[in-house]
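Data block below; observations after.
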Amino acid sequence: MTNVIPSSGRQIVNGLQRSFPIILSYIPVGFTYGVLAHKAGISDINVILMSMLVFAGSGQFIAVGMMAGGAGALAVILTTFVVNLRHLLMAASLSPWMAKWSRPLLVLFSADITDETFAMNSARAVELNDCKVEALSLNITAHSSWVLGGALGAVASGLISDVRPLGLDFALAGMFIGLIVLQVDSKVKVITAICAGFLGTVLYACGLQEFYIIIATVVAATFGLGVELWIKR
């Protein structure tokens, strides 16, 4: 029985549907970025251009903070470059499943890689060669929602003195919880997720407030891989 490849129109709709959890967080978090960037003295057009050309949530927040503190352009560029180096690893992990993609499509896809779009695409990596349109639809929709959020924040910044009471900072954490729930479809993944959460909490409580996420992720992923290999054997 052969797999039926959806039509381009169906793939666009699928990409839009799969991007919905990302949109729910990108618009409020992007809104927060837009407000903070505008209050840091960045013009509305540059707020939007940064979201269009950089498209890196943590990198943009860091850049805005550095600009507000008077950091030079070179320091901002180098810092955001280092922060977003993880995207190289993400792209490398997906590349074996994208051998049939043309170079222009690869450039377009890689420009829209974030933690969230990577998570959604990696969950169905084996389909990337045949469902290019769906993957691009997901990425472009997510990117557009981030730009929209930033633009709305920049426009509304004059009406908001402080974004913290709005609780928008929880949107990103809520989105990651949603993405995890969508991808945890086996006992091994459930065990891995619980292990990562428990270990991360313990490490944070022990004072490792800078590296606890990285350590918990690596340890839990290694443990999950070991359990999966043991089950297969």
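Every number here is computed from the coordinates shown, using simple stated rules; none is lab data. This structure is a prediction, so every number in the text was calculated from the model and none was measured. Cβ: placed from backbone, ideal geometry, glycine included. Neighbour counts: every protein chain shown.
Things worth noting here:
- Sorted fewest first by neighbouring Cβ atoms within 10 angstrom, Y26, Y204 come out as Y204, Y26.
- Among the listed pairs K189/K232; K187/K232; K132/K189, those whose Cα-Cα separation exceeds 19 Å are K132/K189.
- Quotient of Cα Rg and 2.2 N^0.38 Å for region 185-233, N being how many residues it contains: 1.21
- Mean projected area (nm²) of the alpha-carbon convex hull when the chain is viewed from all directions: 15.5
- For region 103-159 versus region 27-41, the inter-centroid distance based on Cα atoms is 19 Å.
- Virtual spin-label span in nm between S144 and I5, 7 Å along Cα→Cβ: 2.4
- Normalised by the number of residues in region 185-233, the mean separation of alpha-carbon contacts (under 8 Å, six or more apart) gives a relative contact order of 46 percent.
- Cβ-to-Cβ counts within 10 Å put C206, C195 in ascending order as C206, C195, the fewest first.
- In percent, rounded to a whole number, the relative contact order of the chain is 34, using alpha-carbon pairs under 8 Å and six or more apart.
- K100, K232 arranged by Cβ crowding within 10 Å, fewest neighbours leading: K232, K100
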